[in-house]
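Q: Can you read through this structure? Questions will come right after.
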Amino acid sequence: MRLRIGAMVLGFIGAIGGYTLGILALTMGVMFKELGELFEFETEGLATISMAFLPLTLMGVIGAAISLAKPRAAGVLMLLSAIFMLVAGIILVAEGMGSFSIEQFGIAGGPLLFSSILLFIAGILAIIARKEES
């Protein structure tokens with residue numbers, strides 16, 4: 001039971017943190033797009049890729065919410081959310097290499113990586129909790 005509660009807490013922290021930072025990355029994307037038009041540099045993909053984090057964090061929140069009742073399903077949801085967030089973060093870095101500096105990515109990308117790590121750990125805890133009770 002303690003592992004399920006730990007998975008739920010870590011899942012909520014990771015998902016809500018990811019959601020907040022996804023909104024920050026989206027805001028930065030819109031802001032940099034406007035600045036890019038003004039100063040003539042390319043920032044097309046930042047806002048688009050940042051929007052991918054919003055449904056992924058929702059998937060993490062759902063996984064955290066059901067971790068007490070269905071730990072295996074919750075673990076799979078949180079693991080998928082973490083892996084897809086990591087992939088979206090890598091795409092965000094690759095997109096940003098040509099259009100904006102790595103410091104700008106670090107504002108949103110670093111904490112999003114931390115959120116995906118928390119969701120990954122929560123997913124593993126939920127799956128382990130299921131195996132311990134069987």
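Q: If the Cβ limit is 6 Å and pairs must be 6+ apart or interchain, which residue in segment 108-123 that is within 25 Å of R4 (Cβ to Cβ) and β-branched (V, I, T) pairs with which residue that is modelled with pLDDT of 80 or more and assigned to a helix (DSSP H, G or I)?
A: Close Cβ pairs satisfying both conditions: I121/L10.
Q: Which is of a type in the set (A, V, I, L, M, F, W, C), out of contact with any His (no Cβ under 9 Å at 6 or more places or on another chain) and modelled with pLDDT under 85, of V76, V93?
A: Details: V76 fails: modelled with pLDDT under 85.
After ruling out the rest, the residue left standing is V93.
Q: Considering segment 36-73 alone, what residues qualify as being within 11 Å of the chain's Cα centre (by Cα) and at pLDDT below 80? I'd like the intermediate steps shown before the answer.
A: To start, the set of residues in segment 36-73 that are within 11 Å of the chain's Cα centre (by Cα) comprises 50-61.
Passing the criteria: S50, M51, A52, F53.
The values are calculated or read from the model by the stated rules, or taken from the named source; none is laboratory data. Since the structure is predicted, the reported quantities are computational estimates derived from the model, not experimental observations. Note that we place each Cβ from the backbone using ideal geometry, even for glycine, and neighbour counts take in every protein chain shown.
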